[in-house]
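Novice: Input: one structure, supplied below.
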There are 4 protein chains.
Amino acid sequence: MVSVTVWNEYVQEREADAVSDQYPDGIHATLAMALEKRGHEVETATLADREHGLTDSVLAETDVLVWWGHVAHDDVDNSVVDRVCDHVYRGMGFLPLHSAHVSKPFRRLMGTPCTLTYRESGDRERLWAVEPGHPIANGLPEVIELEPTEMYGEPFAVPAPEDLVFVSWFEGGEVFRSGCCYRRGAGRIFYFRPGHETYPLYHEDVVQQIIDNGVRWAASDGDRVDYREGPVEPPE
Amino acid sequence: MVSVTVWNEYVQEREADAVSDQYPDGIHATLAMALEKRGHEVETATLADREHGLTDSVLAETDVLVWWGHVAHDDVDNSVVDRVCDHVYRGMGFLPLHSAHVSKPFRRLMGTPCTLTYRESGDRERLWAVEPGHPIANGLPEVIELEPTEMYGEPFAVPAPEDLVFVSWFEGGEVFRSGCCYRRGAGRIFYFRPGHETYPLYHEDVVQQIIDNGVRWAASDGDRVDYREGPVEPPE
Amino acid sequence: MVSVTVWNEYVQEREADAVSDQYPDGIHATLAMALEKRGHEVETATLADREHGLTDSVLAETDVLVWWGHVAHDDVDNSVVDRVCDHVYRGMGFLPLHSAHVSKPFRRLMGTPCTLTYRESGDRERLWAVEPGHPIANGLPEVIELEPTEMYGEPFAVPAPEDLVFVSWFEGGEVFRSGCCYRRGAGRIFYFRPGHETYPLYHEDVVQQIIDNGVRWAASDGDRVDYREGPVEPPE
Amino acid sequence: MVSVTVWNEYVQEREADAVSDQYPDGIHATLAMALEKRGHEVETATLADREHGLTDSVLAETDVLVWWGHVAHDDVDNSVVDRVCDHVYRGMGFLPLHSAHVSKPFRRLMGTPCTLTYRESGDRERLWAVEPGHPIANGLPEVIELEPTEMYGEPFAVPAPEDLVFVSWFEGGEVFRSGCCYRRGAGRIFYFRPGHETYPLYHEDVVQQIIDNGVRWAASDGDRVDYREGPVEPPE
């Protein structure tokens, strides 16, 4: 059991029928339910909440923060980004999904633009587990077929993943590093590509299972770690 | 200018018309000419040569060893494998091509089975440079189309590449980590997937250019390094 | 709870008083007791056992294999090494300790000589957790003082660790990468340097705790993974 | 021959005798002379220059940017930091030295706090080349003794180095990952620890040689790479 906070900008679901048709209570509600069903303790938070719902006390109680953002990245307050990153350094897990590839906290943690190419053409996608022994690939088939999906293409401007778990194949001719693990300080980060606001991927069992695996992998058993800058005496 | 030795088992070219039609003087001759044309000093060696042409003095003069093998991996003498690996540890570069994924020296250096799935169906392949800033991707387009090719599929049972330069897309639905860099001791290793004994890929300019880039990347500027096991006195 | 098999060549404890004084029932007995006390299910096996006690059925039941060897590396049968490595590829964890740096299975899995320099001078050692957020550093102080120890010095001829958890400082002036993580296939490997046959480090609580952490980290939750070489049809 | 720009905040040399005694024309002047002597084309730039001397046209002509900062990190304009990082992503090399561990561009590129512990006690330091075959260790002895130095201690809050070339031993009992390589986009980054404003390390030949090696390693042979975010058509 992991204490998860699912964050959503929660904008498109309230503005566009095509989105609310798929996620009437918001993508966060769908993800929260999926993770609760798998045994986690889940809270949600959104952009419109005070401090975007991510106060220091909320983050202190969060083992893993799942992040959805798409059209409102710029509206996320920099002080909240600072706070999220600070908790990652100290040991909070972080799961940015799909279009969160250019969210502020993910770009901050990567140190790169995190840009990519895309195409909203309903491509068929095949997700290959290139590290079938990785905890995030646990219990999954060797290849997972998803359709329709938005294509994301290389080059993906991120640091080389520390663990590359999934690589996607797209019908249109592209590949993508779709499951990428990083450590930043004591925090573990899993970027997971599949997902969309109108293609209903977050309702699929296999996608939920991967996010569940990611949450378990990113959760730390240990206490928060405090890195510091400062003078020290010799060990003895 | 790099001192290159191109090694070939040189078996199928002498036994099968379909192979000798493409490579009448052997794959090694084609590769050697391509590398000479690009300014390198190239020697060749084959399985039938005494000590497979890889004596200690040959290896001592070799900056980078390019390796082709397919049907005769088991005929390579273990003492030659020992010697090749020893030179890699000390700084010689090593470029196993295509079916050399299960050659003895590559498997020894990886420490894993290096197995994969395959299909000889003339698939169209698209080779994506996922690290366009890597020296081995230098001067190349973002995506390279190759056809016909033999499909190689994941999971590829190798250690996670230290640099993953190319990922392949195959028409049939697979992906593959096709350009993988490793260091073993002081030696740099570049595994490059494309190639075949009857599909004429090694005649293509862009394939030759990647192998040239790989040779330049794998060549060390430094002296050979001698690792040792043994007792030492304190530094002062 | 992890199913652990502790393997020991069990030679010096039966031949030298200085060793049996520290480990009257063998190093394996001490390690087994330490791991049982921490909640694991532990079996032991030694060189003198039939098939060194590492039959296929024993390995199939083993989540993590802990390995001690020092003077009898060459007496380990190659077919047992094959079998151990095969189980690692399929998902068994592997913890080589101290002088197992040149054991056959570790060298096979690394693909390098794994050599180093050493000095049996009872140096004081300080083990620094350079990744304090890593699961293997869980619950440990930032620096651990050990004395007396055998110095191990760089260069350590291994592939660059995928996770470098501990770096040692030695009184005599050396450093060493003392806690190194690797993945080979589905198996996780943790090399841990501290330990010795006459310096009684395996009786120390903090050393036992690190080995416990290593065992937990190296144990897989998943089923064994079978890599394969062979032809495939397209996914559809 | 590499086009190098050496950047210095150039503050302490103008304000403190203890610093100007060592570096009368500024640390940048000493480093520039050392690199020119080794065959590079070198320009310098400082904080007081318009746009800190780092206009887009200067950076466009720079293969590798060497960076010294200590007391004035906060005075570096964020728009210049943006521009430096953008050139790194596109292929410019970057060498932050010593106290530049908390400079704005290095922290931005790492995505972490980059904090550490320190002690200005004139410790003797031993710099061990743990990867003696790495280009940056080229031509160096296995261990380099430096004295007096400022101690920097772990944990160093950076992402795990992609190549860890040097590890330091300090007389007082600490270790430090002193030579760390990273890639961010097409740019290569080498953080090198030794150095100080009053301990005269940058006058030492061996330190200059390592910086020279670092400059050569970080320089790209290729054209600048432009990553992009945007829609694409299928490859054919």
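The values are calculated or read from the model by the stated rules, or taken from the named source; none is laboratory data. Note that the structure is a prediction, hence the values are computed from the model and not measured. Cβ coordinates were reconstructed from backbone atoms using ideal geometry, including for glycine residues, and neighbour counts include every protein chain displayed. Remember, those area values only see protein heavy atoms, side chains included, never the ligands or the DNA or RNA. Shrake-Rupley method; radii C 1.70, N 1.55, O 1.52, S 1.80 Å.
Novice: From the list C:ARG183, C:ARG216, C:ARG188, C:ARG193, which residue is touching a residue at least 12 places away in the same chain (Cβ under 8 Å), under 19 Å from C:ALA137 (Cβ atoms) and touching a Phe, Trp or Tyr at 6+ places or on another chain (Cβ under 6 Å)?
Specialist: After ruling out the rest, the residue left standing is C:ARG193.
Novice: Moving to a separate point now. Does the range A:75-95 contain at least one residue that is touching a His at 6+ places or on another chain (Cβ under 8 Å), more than 20 Å from D:GLU233 (Cβ to Cβ) and open to solvent by 30 Å² or more (accessible area, probe 1.4 Å)?
Specialist: yes
Novice: State which residue is most open to solvent (accessible area, probe 1.4 Å) when the search covers only the range D:122-137 and only residues that are within 11 Å of chain B (Cβ to nearest Cβ) and within 16 Å of A:PRO234 (Cβ to Cβ).
Specialist: D:ARG124
Novice: A follow-up question, please. Looking only at the range C:109-121, which residues are more than 7 Å from chain B (Cβ to nearest Cβ) and open to solvent by less than 20 Å² (accessible area, probe 1.4 Å)?
Specialist: C:CYS114, the sole residue that qualifies.
Novice: In addition: Of the residues that make up the range D:101-108, is at least one facing another protein chain (nearest Cβ under 8 Å) and crowded, with 23+ Cβ neighbours inside 10 Å?
Specialist: No.
Novice: Out of the residues in the range D:79-100 meeting the condition of being under 21 Å from A:LYS104 (Cβ atoms) and in contact with a Gly (Cβ under 6 Å, 6 or more places away or on another chain), tell me which one is farthest from the other protein chains (Cβ to nearest Cβ).
Specialist: The qualifying residue farthest from the other protein chains (Cβ to nearest Cβ) is D:VAL88.
Novice: I've got another one for you. Would you confirm whether or not the range A:138-160 contains a residue that is hydroxyl-bearing (Ser, Thr, Tyr) and within 20 Å of B:ARG177 (Cα to Cα)?
Specialist: yes
Novice: So how many residues does the range A:200-216 have that are open to solvent by less than 40 Å² (accessible area, probe 1.4 Å) and more than 10 Å from chain C (Cβ to nearest Cβ)?
Specialist: Summing the residues that are open to solvent by less than 40 Å² (accessible area, probe 1.4 Å) and more than 10 Å from chain C (Cβ to nearest Cβ) in the range A:200-216 gives 10.
Novice: While we're here: Being surrounded by fewer than 23 Cβ atoms within 10 Å (Cβ to Cβ), out of contact with any Lys or Arg (no Cβ under 6 Å at 6 or more places or on another chain) and either among the β-branched types (Val, Ile, Thr) or within 14 Å of chain B (Cβ to nearest Cβ) (or both) is the filter here, so list the residues in the range D:138-149 that pass it.
Specialist: D:ASN138, D:GLY139, D:LEU140, D:PRO141, D:GLU142, D:ILE144, D:LEU146 - these are the residues of the range D:138-149 that are surrounded by fewer than 23 Cβ atoms within 10 Å (Cβ to Cβ), out of contact with any Lys or Arg (no Cβ under 6 Å at 6 or more places or on another chain) and either among the β-branched types (Val, Ile, Thr) or within 14 Å of chain B (Cβ to nearest Cβ) (or both).
Novice: On to the next question. If we keep just the residues of the range A:56-74 that are of a type in the set (A, V, I, L, M) and either within 14 Å of chain D (Cβ to nearest Cβ) or outside any helix (DSSP H, G or I) (or both), which is surrounded by the fewest Cβ atoms within 10 Å (Cβ to Cβ)?
Specialist: My answer is A:VAL71.
Novice: On to the next question. Taking D:GLY173 and the conditions (1) more than 12 Å from chain B (Cβ to nearest Cβ); (2) touching a residue at least 40 places away in the same chain (Cβ under 8 Å); (3) in contact with a Phe, Trp or Tyr (Cβ under 7 Å, 6 or more places away or on another chain), which numbered condition does it fall short on, given that it satisfies the others?
Specialist: Only one criterion in (1) more than 12 Å from chain B (Cβ to nearest Cβ); (2) touching a residue at least 40 places away in the same chain (Cβ under 8 Å); (3) in contact with a Phe, Trp or Tyr (Cβ under 7 Å, 6 or more places away or on another chain) is unmet by D:GLY173, namely (2).
Novice: Hey, any hits in the range B:180-195 for a residue that's away from chain D (no Cβ under 11 Å) and open to solvent by 10 Å² or more (accessible area, probe 1.4 Å)?
Specialist: No: zero hits.
Novice: Just one of (1) under 26 Å from D:THR149 (Cβ atoms); (2) open to solvent by less than 10 Å² (accessible area, probe 1.4 Å); (3) touching a Leu at 6+ places or on another chain (Cβ under 6 Å) trips up D:VAL42, so point out which.
Specialist: (2)
Novice: With respect to B:TYR152, determine if the residue is away from chain D (no Cβ under 12 Å) and either modelled with pLDDT under 95 or open to solvent by less than 10 Å² (accessible area, probe 1.4 Å) (or both).
Specialist: yes
Novice: With respect to the numbered conditions (1) part of a helix (DSSP H, G or I); (2) out of contact with any strand residue (DSSP E or B) (no Cβ under 9 Å at 6 or more places or on another chain); (3) more than 30 Å from D:PRO113 (Cβ to Cβ), which one is the sole condition not fulfilled by A:GLU36?
Specialist: The number of the failed condition is (2).
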